[in-house]
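Novice: The structure that follows is given in the form of structure tokens.
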Amino acid sequence: MRDDLRSLKQPTDLVIPASRLRLLGYFAGGLAFVALGVFLMVDAKRYDLFDIVIGLVTVAFFGAIAVTAFYRLVTAAPAIIINADGIVDNASGVSVGLIPWDQIREVREYRVQNQVFLGIVTKDLNALLKKQPRWKRTAIRANLSMGAAPVNIPQAALGMKISDL
């Protein structure tokens, strides 16, 4: 378990576990697509630059998903912790850690196509972004450009429905 999660977890906290079955599905699906990407790169009958590039992108993208899912399965860290300090987001690959209550403007449930998300809007976006590595800042800005909240917790990553939370 990550150190920041261990130090924040108290007996009175509301701890929402990650969905282990979904994580296992993401891991297996990621491995299947990695195998497909490798096949595209080494298939002697279709050996051209396009197949190699598509294969590399497939291996990189789905390999990252498989590694993240495997890590989450092995560490068994909770997806969300809600306590007196705020909300600890550890639900996705772009999780932001602790969001203090005094920095939260709005918490809402919303849907994108058929997926349900818990969106957290902060009072000071720049303060949140400063704490994140560059790649997470880029992902958060991409979410904002699509009309999503800065912090998005997918219901698929949780062991319960967001409406029940």
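The values are calculated or read from the model by the stated rules, or taken from the named source; none is laboratory data. Please read these numbers as outputs of a predicted model, since none were measured by experiment. Methodologically, a virtual Cβ is constructed for each residue, glycine included, from the backbone with ideal geometry; neighbour enumeration extends over all protein chains shown. All accessible areas refer to the heavy atoms of the entire protein, side chains included, with ligands and DNA or RNA removed. Shrake-Rupley method; radii C 1.70, N 1.55, O 1.52, S 1.80 Å.
Novice: Bins of 5 Å, beginning at zero and ending with the bin holding the largest distance: percent of Cα pairs per bin for the range 95-165, please.
Specialist: Using 5 Å bins, I get a P(r) of 3, 16, 27, 26, 18, 9, 1 for the range 95-165.
Novice: What accessible surface, in Å², does a 1.4 Å probe find on K161, ignoring ligands, DNA and RNA and rounding to the nearest 10?
Specialist: Ignoring ligands and nucleic acids, K161 comes out at about 120 Å².
Novice: Within 10 Å, count the other beta carbons around each residue, average over each peptide in 22-34, 146-158, 48-60, and list them highest first. Present the calculation step by step, with values, prior to reporting the outcome.
Specialist: Values: 22-34: 16.6, 146-158: 18.5, 48-60: 13.6.
Going by the mean number of other Cβ atoms within 10 Å, highest first, we get 146-158, 22-34, 48-60.
Novice: Roughly to the nearest percent, how much of the accessible area of the chain is carbon and sulfur, given a 1.4 Å probe? Please report the intermediate quantities before stating the final value.
Specialist: Working: 6090 of 9760 Å².
Answer for the chain is 62 percent, counting heavy atoms of protein chains only.
Novice: List the equivalent ellipsoid semi-axes of the range 66-130 in whole Å, largest first, each obtained as the square root of 5λ for an eigenvalue λ of the Cα gyration tensor.
Specialist: Working: eigenvalues 94, 52, 27 Å².
Rounded to whole Å, the semi-axes are 22, 16, 12.
Novice: From the helices alone, meaning DSSP H stretches of at least four residues, give me the mean residue ellipticity at 222 nm for the chain, per-run term -39500 (n - 2.57), in deg cm²/dmol to the nearest 500.
Specialist: Details: 5 runs with 74 residues, N = 165.
Estimated from H runs of four or more residues: -14500 deg cm²/dmol.
Novice: Enter the angle in degrees (range 0 to 90, nearest 10) between the Cα long axis of helix 134-145 and the first principal axis of the Cα atoms of the chain, meaning the one along which they spread out most.
Specialist: Helix 134-145 sits roughly 80 degrees off the main axis of the chain.
Novice: Quick one: what do you get for the chain if you divide its Cα Rg by 2.2 N^0.38 Å? Intermediate results must be reported in sequence, preceding the final value.
Specialist: Working: Rg = 17.9 Å, N = 165, 2.2 N^0.38 = 15.3 Å.
Normalised Cα radius of gyration, the chain: 1.17.
Novice: Taking a probe of 1.4 Å, how large is the accessible area per residue of the chain, in Å²?
Specialist: That works out to 59 Å² for each residue.
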